[in-house]
Amino acid sequence: MYKRIFFGLLILHMVLPLQAQYAVKGKIIDINKKGVPFSTIQLLSLDSILVEGCISDSLGVFSSPDVKSGKYILKISNIGYSTLYKEIQLPDSNHSLPHFVLESNEVLLDEVVVKGTSFIREKDHTVIIPDKIQKKHAYSGYDLLYNLMIPGLNVNAKSGSVKAARGEATLYINGVKAELREIQNLRPKEIEKIEYYDIPSGIYMGDIASINYVTKTYQLGGYISLDGWQNIGYLSGNYNLGAKMDLNKWSYTFFGGYGTNRYNGIQEGRTELMNISDSYVHRTLVNQNALLRDNQQYAQFKVNYKAEKYNVYALAGLVCKSTPENSQDNLLHYENNTYEDVLSLNSTTEKNLKPSVCVDGIFNPTSRQRIHINITGNYAHNTYSRNYTENKQESFTHADEDLYSFKAMGVYNITLKNSSIGASVLHDHHISSSLYGGDYDSWQHLWRGESLFNLTYMQHLFNNKVTLMINPGLSLLNYKLHTQPKRQDWTFRTNSWIRYQLHSSHQFSLGFAMGNFQPDISYMNTVDQTIDFLRIQRGNPNLSNPIIQEYFFTYDATLNPVNLQLNSWYTKIKNNVSVDYYPEGEKLISSYQSNTTYDKWKLELIASCRISDRLRINSTLKYEKFKIAGGSKLSTNNFMASLQANYFIKSFTLSAWGKSTEKTLDSRKLAVLKSPALYGFSLRYNKADWMVEVGTESPFTRHARYREYVDYGVYQYNQIRTSRIYQQTGYVKVAYTFGFGKKTAKERRNVNLSIDSAILKSE
């Protein structure tokens, strides 16, 4: 049906009588004949009405592909330059304009004053220009993204996640990949625009969604920044220091931070039914006490050199994590009278140390070509210990791991007249050596490598009304466990789509994606781990290669003051990796299988509205259907509604958000998960270089419960989880930045705090 609608609209548009339209290209340069990046170009009628608009690229080149012939006023503006007005005559053909020279302005304005957020649809992405109020009421790049309320993006202020319709979005700063934590040091007044690729292409190919922050550039100066976040209700905090110095083409950056948590752990109640040796064991678990203590430290030094045609940097970092205590005291009740009620104690400790190095370079041999090279190397030393006692029996496990990882990537793109071509190569390699002691002694040596090859072809048709993307690729996955034969899997990959832009305010997209993903490296070893004295956990080195297929349809509409997005998705995972239980002697083995198929349908309507300069809202309605077939057969439905509102007054921002209950089907656990309704409020104060924010989540909810139930045949359980961290919590954030010398753009906090591990841990 979607196909018939799409092609019907396409044919209707093509047969309508239109005045001929032509492409106009040009370049913005300064008095030194260097390209002026990210200039705003506006094509005005002779009575000053806006006809077309665009923004120049990183080299100052701009293109407006859909312009009628005639007389116009060309307006060119950029921060730090005098605005240029030029009357031009466009002929009845594609036309290249002469270079336009912008003269430096002695008075450097703090920011562009935009009345109302601007959503500009480009060929393959949307450009969002924040307005003055949104910038004023944000302290960081993350705050600004939250204030923009971009349809299709879910920005969770508490968890620090940015999700698109299909999953987690990838963040960039000036085309260089970043993480969410890396943009916390971006000042909103230094952000010129945000580019949102809901269907990534070019250098962003492979992402689920891409967000690129485009910032101003400065030559000389520096800053020192301090920020801290402290939770109220239980001990949890994060404290960071940043410093940067710019010296012409060189910049030097240091980041360091500390985080800690201490609270009563997750409270759990569970009923279990196990079939072992043709007899049933019915057990109830009630948590009596739980405690979690952990901390994290990181430091990173970065050197960056930026020239006209290339930008390279090198960095070295160190991350340390420690969990000195994670314990649960449980009361076990066996209803079959095999045992009396007993107390059990589960206690784990972990330590992780990860040094890393990275070299990254972006090269522009010509104005149409871009080469991106990245090489990253990590080493991680991980230790894990677990003690479990029950009915005077004791179990102990200890593991020491050395894990080496290496990643190399190369991407090439060239832009032609109405098309672009790209190619990319990536190899990701991990080598793990783990020594286990305690109940089971074992040495596990595992290496895993994946090579990806991709070609990209994008074509703009019918005066850029239609954009076609074809992206064939291959994945070669290799892994080998000591004493096991080498495994090798080839997989076809693609992310191809077609987009039809009815006009600047309405567009339709239809696409198909296919690929594979690697099971967690810890699932593949063969060591045994004691869960309790009835269950043992074991990996499976014979897992099949999971294949994912995705079909999607998206409709976007910009109807000031409302922005709408309608999404329809279907996802299928073949050879889905999931938990598996089977009896072995007097024990129940918990392992992994890859013989199920996972299906998910989603229909989603998202709307954001600028009710006034002070009030902005964003709402979502979502329906999902889940189904698992194969070894297990499960299905469930989910309805969800959410609302977010921001109210700006003077230097204050009042935010409120809420979402309804949700129900999902976990593809790994094969479990139905129910999450409660959640809501929260926050009040932020922004003034000069200071930011103070207080907030709370679910302040009137005493017991927010997460429910989970599953049936593996030989093993069934139904559990409820609750914790202080889920309810009646508050927080305080404070941040301050001290700048010196001339203005300098705040640097990305380019710190990857994740630490990989192949250690199999008891769940």
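Within segment 517-526, can one find any residue that is at pLDDT below 90, touching a Leu at 6+ places or on another chain (Cβ under 7 Å), on the phi < 0 side of the Ramachandran plot and of a type in the set (A, V, I, L, M)? So far as segment 517-526 goes, yes, one or more of its residues are at pLDDT below 90, touching a Leu at 6+ places or on another chain (Cβ under 7 Å), on the phi < 0 side of the Ramachandran plot and of a type in the set (A, V, I, L, M). In segment 640-655, which residues are in a strand (DSSP E or B) and more than 18 Å from LYS602 (Cβ to Cβ)? Selection gives LEU643, GLN644, ALA645, ASN646, TYR647, PHE648, ILE649, PHE652, THR653, LEU654, SER655. Scanning segment 265-284 finds one or more residues that are touching a residue at least 60 places away in the same chain (Cβ under 8 Å), within 25 Å of SER236 (Cα to Cα) and assigned to a loop (DSSP other than H, G, I, E, B).
Of note, LEU318 does not satisfy the criterion of being of a type outside the set (Val, Ile, Thr), crowded, with 17+ Cβ neighbours inside 10 Å and either in a strand (DSSP E or B) or touching a strand residue (DSSP E or B) at 6+ places or on another chain (Cβ under 6 Å) (or both).
When segment 477-495 is filtered for residues that are closer than 17 Å to TYR570 by Cα and at pLDDT below 90, only ASN495 remains.
Of all strands (runs of 3 or more DSSP E) completely enclosed by segment 532-638, which ones contain at least 2 residues that are aliphatic (A, V, I, L, M)? If you could, list the steps in order and put the result at the bottom.
Numbers: elements: 535-538, 547-559, 562-584, 587-610, 615-630.
By residue number, 547-559, 562-584, 587-610, 615-630.
Is it the case that ARG668 is at pLDDT 85 or above, of a type in the set (Lys, Arg), closer than 30 Å to SER578 by Cβ and outside any strand (DSSP E or B)? When the stated conditions are applied, ARG668 passes them.
Scan TYR715, TYR706, TYR647, TYR726 and give me the residue that is under 30 Å from LEU534 (Cβ atoms) and modelled with pLDDT of 90 or more. Full working, then the answer.
Values: TYR706 fails: modelled with pLDDT of 90 or more; TYR647 fails: under 30 Å from LEU534 (Cβ atoms); TYR726 fails: modelled with pLDDT of 90 or more.
TYR715 is the lone residue from the list that is under 30 Å from LEU534 (Cβ atoms) and modelled with pLDDT of 90 or more.
In the set (1) crowded, with 23+ Cβ neighbours inside 10 Å; (2) aliphatic (A, V, I, L, M); (3) at pLDDT 75 or above; (4) under 30 Å from SER496 (Cα atoms), the condition left unmet by LEU153 is number (1). Go through (1) in contact (Cβ under 8 Å) with a residue 24 or more places away in the chain; (2) part of a strand (DSSP E or B) one by one and return the number of the condition GLY658 breaks. In the conditions (1) in contact (Cβ under 8 Å) with a residue 24 or more places away in the chain; (2) part of a strand (DSSP E or B), GLY658 misses (1) alone. Once segment 450-503 is narrowed to residues that are within 22 Å of GLN565 (Cβ to Cβ) and hydroxyl-bearing (Ser, Thr, Tyr), the residue that is surrounded by the most Cβ atoms within 10 Å (Cβ to Cβ) is THR467.
A residue that is in contact with a Gly (Cβ under 7 Å, 6 or more places away or on another chain), over 30 Å from LEU588 (Cβ atoms) and surrounded by fewer than 18 Cβ atoms within 10 Å (Cβ to Cβ) occurs somewhere in segment 640-651.
Filtering segment 245-302 to residues that are within 30 Å of GLU390 (Cα to Cα) and aliphatic (A, V, I, L, M) leaves ILE266, LEU273, MET274, ILE276, VAL281, LEU285, VAL286, ALA290, LEU291, LEU292. Scanning segment 334-356 for residues being surrounded by 15 or more Cβ atoms within 10 Å (Cβ to Cβ) and at pLDDT below 90 gives a total of 2. Residues in segment 436-449 that are out of contact with any helix residue (DSSP H, G or I) (no Cβ under 8 Å at 6 or more places or on another chain), part of a strand (DSSP E or B) and surrounded by 15 or more Cβ atoms within 10 Å (Cβ to Cβ): TYR436, GLY438, SER442, GLN444, HIS445, TRP447, GLY449. Here's a check for you: in segment 428-476, which residue that is closer than 28 Å to GLY377 by Cα and among the β-branched types (Val, Ile, Thr) is modelled with the lowest pLDDT? Here the answer is THR456. Across segment 358-394, the number of residues qualifying as buried (at least 19 other Cβ atoms within 10 Å of the Cβ) and touching a Phe, Trp or Tyr at 6+ places or on another chain (Cβ under 6 Å) comes to 1. Against the conditions (1) closer than 30 Å to ILE498 by Cβ; (2) surrounded by fewer than 18 Cβ atoms within 10 Å (Cβ to Cβ); (3) among the β-branched types (Val, Ile, Thr), ILE606 satisfies every one except (2). Considering only residues of segment 666-720 that are surrounded by fewer than 18 Cβ atoms within 10 Å (Cβ to Cβ) and of a type in the set (Lys, Arg), which is nearest to the chain's Cα centre (by Cα)? Once the filter is applied, the top-ranked residue is ARG668. Filtering segment 287-315 to residues that are more than 30 Å from VAL359 (Cα to Cα) and surrounded by 14 or more Cβ atoms within 10 Å (Cβ to Cβ) leaves ASN287, ALA290, LEU291, LEU292, ARG293, ASP294.
Every condition in (1) farther than 30 Å from ASN718 by Cα; (2) surrounded by fewer than 16 Cβ atoms within 10 Å (Cβ to Cβ); (3) in contact (Cβ under 8 Å) with a residue 24 or more places away in the chain holds for SER251 except the one numbered (2). Hey, any hits in segment 407-418 for a residue that's under 30 Å from the mean Cα position of the chain (by Cα), surrounded by fewer than 16 Cβ atoms within 10 Å (Cβ to Cβ), within 30 Å of ALA307 (Cα to Cα) and β-branched (Val, Ile, Thr)? There is at least one residue in segment 407-418 that is under 30 Å from the mean Cα position of the chain (by Cα), surrounded by fewer than 16 Cβ atoms within 10 Å (Cβ to Cβ), within 30 Å of ALA307 (Cα to Cα) and β-branched (Val, Ile, Thr).
With respect to the stated conditions, LYS189 fails to be surrounded by fewer than 22 Cβ atoms within 10 Å (Cβ to Cβ), at pLDDT below 80 and part of a strand (DSSP E or B). Of all residues in segment 490-530, those being outside any helix (DSSP H, G or I) and under 27 Å from the mean Cα position of the chain (by Cα) number 28.
The values are calculated or read from the model by the stated rules, or taken from the named source; none is laboratory data. This one's a predicted model, so the numbers in the text were calculated from it and none came from an experiment. Every residue, glycine as well, gets a Cβ built from its backbone with ideal geometry; the counts of neighbours run over all protein chains shown.
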